[in-house]
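Okay, structure first, notes after.
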Amino acid sequence: MPQIIPIRDLKNASAISRMCHESNEPIYITKNGYGDMVIMSMKIYEENLFMQSVYNRLTESEADVAVGQTKNAKESLKHLREKHNV
């Protein structure tokens, strides 16, 4: 379940930091009852960036397959082995 805290609670930075590191989800900050910011630990942020990169590459790959922009796997591996003397 997402954590939602008012902006005034940011005064206690060490408690907020602890919350970020204990949670695998972002913490939503509200201002005057409305969403204002989102914070999370660096670890979770980097994991999210990595996964977004993976999803973007998969989407690009699926688009290549859809238009027939593919290569034969056996021929590609043979070419790489020859190129790198493996």
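Here are the numbers for this structure:
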quantity: Amide H contacts under 5 Å for residue 3, placed H, 5+ residues apart; calculated: 28
quantity: Counting DSSP beta bridges with both ends in the chain, the antiparallel % (nearest 5); calculated: 55 percent
quantity: Accessible area per residue, Å², the stretch 1-55 with all protein chains present, probe 1.4 Å; calculated: 79 Å²
quantity: Cα coordinate range in the chain, projected on the principal axes (Å, largest first); calculated: 62, 31, 18
quantity: Rough spin-label spacing in nm, given labels placed 7 Å along Cα→Cβ, for residue 39 and residue 72; calculated: 5.8 nm
quantity: Computed magnitude of the charge dipole of the chain (debye, nearest 20; Cβ of K, R +1, Cβ of D, E -1); calculated: 240 debye
quantity: Which of 42, 19 is most accessible, then next, and so on - probe 1.4 Å; calculated: 42, 19
quantity: Positive-end residue of 72, 24, 37, charge dipole of the chain with Cβ unit charges; calculated: 72
quantity: Accessible area (Å², 1.4 Å probe, nearest 10) - residue 81; calculated: 130 Å²
quantity: Accessible surface of residue 84 - all protein chains present, 1.4 Å probe, nearest 10 Å²; calculated: 110 Å²
quantity: Global geometry of the stretch 11-53, whether rounded, prolate or oblate, following the gyration tensor of its Cα atoms and the 1.5 cut on a/c; calculated: oblate
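The values are calculated or read from the model by the stated rules, or taken from the named source; none is laboratory data. The model shown is predicted, which means the values in this text are computed figures rather than measured ones. Don't worry about glycine lacking a Cβ; one is built from the backbone with ideal geometry, like all the others, and counts go over all protein chains shown. Side chains included, ligands, DNA and RNA excluded: accessible areas come from the protein's heavy atoms. Shrake-Rupley method; radii C 1.70, N 1.55, O 1.52, S 1.80 Å.
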